[in-house]
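Please read the structure below before turning to the comments.
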Amino acid sequence: MNENSWDENRAMDLLNQFEAILESDPLIDEVGFIHPSQFVTLSNECGESGDSSEDGAFGPKNTKFWNRDHKLGISTEVLLPLCKAAKSAFMDALKQYKNLCSFSDNNHEDENIMFGSLSCLSFESEVMKHGRAVLLLSCDFGTAWNSRKLVVSKKQQLSMLMDELLLSALVLSYSPKSEQAWSHRRWVIKMIAGKHSNLQDIMAKESELVEKIAERSKMNYRAWNHRCWLVSYMTREQMLHELKKSRDWAGLHVADNSCFHYRRRLILGISENSCCKQEGENSSYDVENYQIVKEELDLNEVLIKRYIGREALWLHRRFLSLCMIRHLTTMHDISCHPEQKTSMDNEINIFLDNESCLLNYCSTIQDTEFEDFKAQAMYSAVYFLWLITQIPQFREIDLQVKLRTENLKTILHEACPERSFLWGFPDLNGSF
Amino acid sequence: MGELAVYKHVHYILSVEKRKDSFESVVMDHLRMNGAYWGLTTLDLLGKLGTVNADEVISWIMKCQHESGGFAGNIGHDPHILYTLSAVQVLALFNKLDVLDTDKVAAYIIGLQNEDGSFSGDMWGEVDTRNLDGGFGCTPGGESHAGQIFCCVGALAIAGSLHHIDKDLLGWWLCERQVKSGGLNGRPEKLPDVCYSWWVLSSLILIDRVHWIDKEKLVKFILDCQDVENGGISDRPNDAVDVFHTYFGVAGLSLLEYPGLKAIDPAYALPVNVINRIFFSR
């Protein structure tokens, strides 16, 4: 049957079937669009024959919807009429609901309130029912998400808020980049944070959800952005815990820049959460912060040497090095004694010395069979160049380190001649 | 190097407008206002805005205006700052800004500004902010992303505040978006995509660092993303085309001064003559 011959009644029929399935199985955790020919395969896989058992009308004979084990399949054949019917029903219900809401807002007579609010309730449930159907087909339809916020914010019930988390998680299961879904989750969490105390629990679950989605959907900006947003709700302990917990995952996903950005966010959060405490605690936080950066630098170096030519790792190192230099500088800020300053310079020299060793290690292009050695040389050279421009201390350092970096220019020209304009940075001329 | 298939692209854009009854277009109809902006600006850059019935478009746009003064993505939908921007931009293309009650639209936008100076997209409040790598993310603490960078740099440019940016640091991060094929990606380790030819490129132009990328290679990359048979431009060579990437490809080429295209303003993302028309009419 081709799309044009779906008349309104048949389409409404479809919508009713669809919504009935959603109502009968509130634990659906996966939705997919299936080609009609696959329905037969699916039924066979489940070992069904002839008549269905519990599913009734949605068993093997149904070629429009498939529902088993909390999975829902929709035939691609019916997508267009179903979507149009859902949108149309939703928009109608929304219009009526909004009219009634403004009517009852503006009238205070008792009878009006009674009548108005009963109708309001029924249109409210229509809005939610049709809205859910629409969003499962067209997940970025902002007006539908907004209508749910409107209804839920009037009711102020925790159970409704939790249902919104379920719906958005379902949407994200097949559309992990849906910004509307992520944004809706943040709105719900803010509502929950306002009045319910199980926030820590929710935070932990959100973080896990993102990690699960990030596993299937690499470098998903929106998922990781969501996880970064959670950090502002975390205590220092939680941040430390998150950093430790996600360490192994990071080591297995070294090209995922979003993952490393998340770690940077945590490290920043941890260091920002170190002030405004008593005197005694201050210095122990300083030590802990230093150790965190040191450990991350060590891990980063191991990964750089193991996974050759990964941009995300080198970019991560830029941040870490800046942090390290800042730590070394501020840790010695406490007094201005010349010995302290010398000690600081020594530590910075040691650090920079280590970095130039890393540069030398990475800049040998062993072979050109694959791009990775050349990329490694380029990234290490550009990293070091970047370090020089960002760190004022470079002007005063050891002659030895300076001598090592003479061949930096050579490395740059060999590995990435197109970037050699970077050498013209004003700061560099001052350094040498 | 290939050539820009102007007539094919014009034909493609006009045909998309008519193809309204497929599942793909129904699920996108909430952002039809954006689609109008992408399609019509591309036509104007190609010198073919006249192929469209302006009155029809304008009448449809006005039906999308909400009582709050903001514009929705389509008739009956909720308003949002993004669709309001597209609506105003399209009216500017047709030199019909006078149909607007400008105070009303301005009041809608002003109403969305928060205490910290940021703007929410709509009444439900999501905000899009600077990172240590010099870039900008969606929210304070978000990962640097070329699209977000463009929005921030463009906004600062319009507000006359580019001096707040560390141009060397940002320029560095941006020029590293160019990969071997000549195309640009949006953040580290990602594949190049034609739309970044706009966001990265216009940002670089606004901070005077466009000479840090290889422009010729980028032109070649964009031209390779065309579907020269059916018209339209895709995100990268041999992928499916869409209006969104067609617009960014043509806009990118305009910034790169490809011959035969109208000049586009990197901050306002509208043809330069349209911007001049607005400013000189005051």
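The values are calculated or read from the model by the stated rules, or taken from the named source; none is laboratory data. Just so you know, these numbers come straight off a predicted model, no measurement behind them. Here the Cβ positions follow ideal geometry from the backbone for every residue, glycine too, while neighbour counts run over all protein chains shown. Heads up: the accessible areas ignore ligands, DNA and RNA and are worked out on the full protein's heavy atoms, side chains in. Shrake-Rupley method; radii C 1.70, N 1.55, O 1.52, S 1.80 Å.
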Spelling it out for B:ASP242: with amide H atoms placed in the peptide plane at 1.01 Å from N, the residues 5 or more places away or on another chain with amide H under 5 Å from its amide H are B:ILE233
Taking each residue of A:199-210 in turn, how many C-beta atoms of other protein chains fall within 10 Å of its C-beta, and what is the average?
0
Round to the nearest 10 and report in Å² the accessible area of B:THR51, as given by a 1.4 Å probe over the protein chains' heavy atoms.
70 Å²
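Based on the mean of other Cβ atoms within 10 Å per residue, sort peptides B:31-38, A:32-39 so the most packed one is first. Write down the numbers at each step before the final one.
Working: B:31-38: 22.8, A:32-39: 14.1.
Answer by packing, highest mean first, reads B:31-38, A:32-39.
Across every pair of different alpha-carbon atoms, what Kirkwood hydrodynamic radius in Å does the range B:143-280 reach? Let's see the in-between values first.
Numbers: mean 1/r = 0.0662 Å⁻¹.
It is 15.1 Å.
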Residue by residue through the range A:255-266, what is 3J(HN,Hα) from phi via Karplus (6.51 cos²θ - 1.76 cosθ + 1.60, θ = phi - 60°)? Round to whole Hz and write x for glycine and proline.
9, 8, 4, 5, 4, 6, 4, 4, 5, 4, 4, 5
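Assuming 0.692 mPa s and 37 °C, estimate D for the range B:242-282 with Stokes-Einstein, Rh taken as the Kirkwood radius over Cα pairs, in µm²/s.
Values: Rh = 10.8 Å.
Stokes-Einstein gives a translational diffusion coefficient of 303 µm²/s.
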Kirkwood-based shape ratio for the range B:27-84, expressed as Rg/Rh from alpha carbons:
1.00
B:LYS262: accessible area at probe 1.4 Å, nearest 10 Å²?
60 Å²
Under 1.5 on a/c is rounded, so check that first for the protein assembly as shown, then, if it is not, pick prolate when a/b is larger than b/c and oblate when it is not; a ≥ b ≥ c are the square roots of the alpha carbon gyration tensor eigenvalues.
prolate
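Can you give the average number of partner chain beta-carbon atoms within 10 Å of each beta-carbon in peptide B:186-194, as a whole number? Before the final figure, lay out each step's value.
Working: counts 1, 8, 14, 13, 7, 0, 0, 0, 0.
What the average comes to for B:186-194 is 5.
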Taking the Cα centre as origin and putting +1 on Lys and Arg beta-carbons and -1 on Asp and Glu beta-carbons, what dipole magnitude results for chain B, to the nearest 20 debye?
640 debye
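In Å² (nearest 100), what accessible area is buried between A and B, both sides summed, heavy protein atoms only, 1.4 Å probe? Working shown, then result.
On the way: alone 22770 and 14490 Å², together 33260 Å².
Approximately 4000 Å² gets buried when A meets B.
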Rounded to the nearest 500, the 222 nm mean residue ellipticity computed for chain B from DSSP H runs (n ≥ 4, each -39500 (n - 2.57)) alone is -14000 deg cm²/dmol
At 1.4 Å probe size, with no ligands or nucleic acids counted, give the accessible surface of B:TRP212 in Å², nearest ten.
30 Å²
Check which residues have an amide H placed less than 5 Å from A:ILE34's amide H, if you skip close sequence neighbours.
A:ILE74, A:SER75, A:THR76
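Among the listed pairs A:LYS149/B:LYS63; A:LYS71/A:LYS154; B:LYS190/B:LYS220; A:LYS84/A:LYS195; A:LYS244/A:LYS374; A:LYS305/B:LYS220, which have their C-alpha atoms separated by more than 26 angstrom in this model?
Details: A:LYS149/B:LYS63 24 Å; A:LYS71/A:LYS154 31 Å; B:LYS190/B:LYS220 19 Å; A:LYS84/A:LYS195 38 Å; A:LYS244/A:LYS374 32 Å; A:LYS305/B:LYS220 35 Å.
Result: A:LYS71/A:LYS154; A:LYS84/A:LYS195; A:LYS244/A:LYS374; A:LYS305/B:LYS220 exceed 26 Å.
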Among A:HIS241, A:ALA214, A:TRP224, flag the residue with its Cα farthest along the positive direction of the charge dipole of the range A:173-278, charges on Cβ as +1 for Lys/Arg and -1 for Asp/Glu.
A:TRP224
Between the residues B:GLY249, A:PHE39, A:SER119, the Cα farthest towards the positive end of the dipole of the protein assembly as shown, that dipole coming from +1 and -1 charges on the beta-carbon of Lys, Arg, Asp and Glu, is from B:GLY249
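Excluding ligands, DNA and RNA, what is the solvent-accessible area per residue of the protein assembly as shown at a probe of 1.4 Å, expressed in Å²? Provide the component values of the computation, followed by the final result.
On the way: 33260 Å² over 714 residues.
Averaged over the residues of the protein assembly as shown, the accessible area is 47 Å².
How much of the DSSP bridge set in the protein assembly as shown is antiparallel, in percent, rounded to the nearest 5? Provide the component values of the computation, followed by the final result.
Numbers: 13 of 18 bridges.
Among the beta bridges of the protein assembly as shown, antiparallel pairing accounts for roughly 70 percent.
Where does each of A:78-86, A:125-133, B:159-167, B:214-222 land if you order them by average Cβ count within 10 Å, highest first? Show your work: numbers first, answer last.
Working: A:78-86: 23.4, A:125-133: 20.8, B:159-167: 11.9, B:214-222: 18.3.
Packing proxy ranking, top to bottom: A:78-86, A:125-133, B:214-222, B:159-167.
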Shape of chain B, Cα gyration tensor, a/c cut at 1.5
oblate
Might you report the magnitude of the Cβ-based charge dipole of the range B:196-249 about its Cα centre, with Lys and Arg at +1 and Asp and Glu at -1, to the nearest 20 debye?
260 debye
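Please find the FRET efficiency linking B:LEU85 to A:PHE421, where r is the Cβ-Cβ separation and R0 is fixed at 45 Å, and quote it to the nearest 0.05.
On the way: r = 35 Å, r/R0 = 0.78.
That gives a FRET efficiency of 0.80.
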Judged on accessible area alone, 1.4 Å probe, highest first, A:GLU124, A:GLU208 line up as A:GLU208, A:GLU124
What is the calculated FRET efficiency for B:HIS211 to A:SER153, with r their C-beta to C-beta distance and R₀ = 41 Å, to the nearest 0.05?
0.20
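Hey, got the dipole for the protein assembly as shown? About the Cα centre, +1 on K and R Cβ, -1 on D and E Cβ, debye to the nearest 20? Can you show the working numbers first?
Working: 71 positive and 98 negative charges, 202 e Å.
Result for the protein assembly as shown is approximately 980 debye, rounded to the nearest 20.
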If I compute solvent accessible area with a 1.4 Å probe over the protein chains, what percent of it on the protein assembly as shown is carbon and sulfur?
53 percent
Picking from B:ALA5, A:LEU150, B:GLY125, whose Cα lies most toward the positive end of the charge dipole for the protein assembly as shown (charges on Cβ: Lys, Arg +1; Asp, Glu -1)?
B:ALA5
For residues of B:169-178, the mean tally of beta carbons on other chains within 10 Å:
3
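Between rounded, prolate and oblate, where does the range A:142-231 land on the alpha carbon gyration tensor, with a ≥ b ≥ c its root eigenvalues, rounded for a/c under 1.5, else prolate if a/b exceeds b/c? Don't skip to the answer; put the middle values down first.
Details: a/c = 2.14, a/b = 1.36, b/c = 1.57.
Oblate, because a/c is 1.5 or more while a/b does not exceed b/c.
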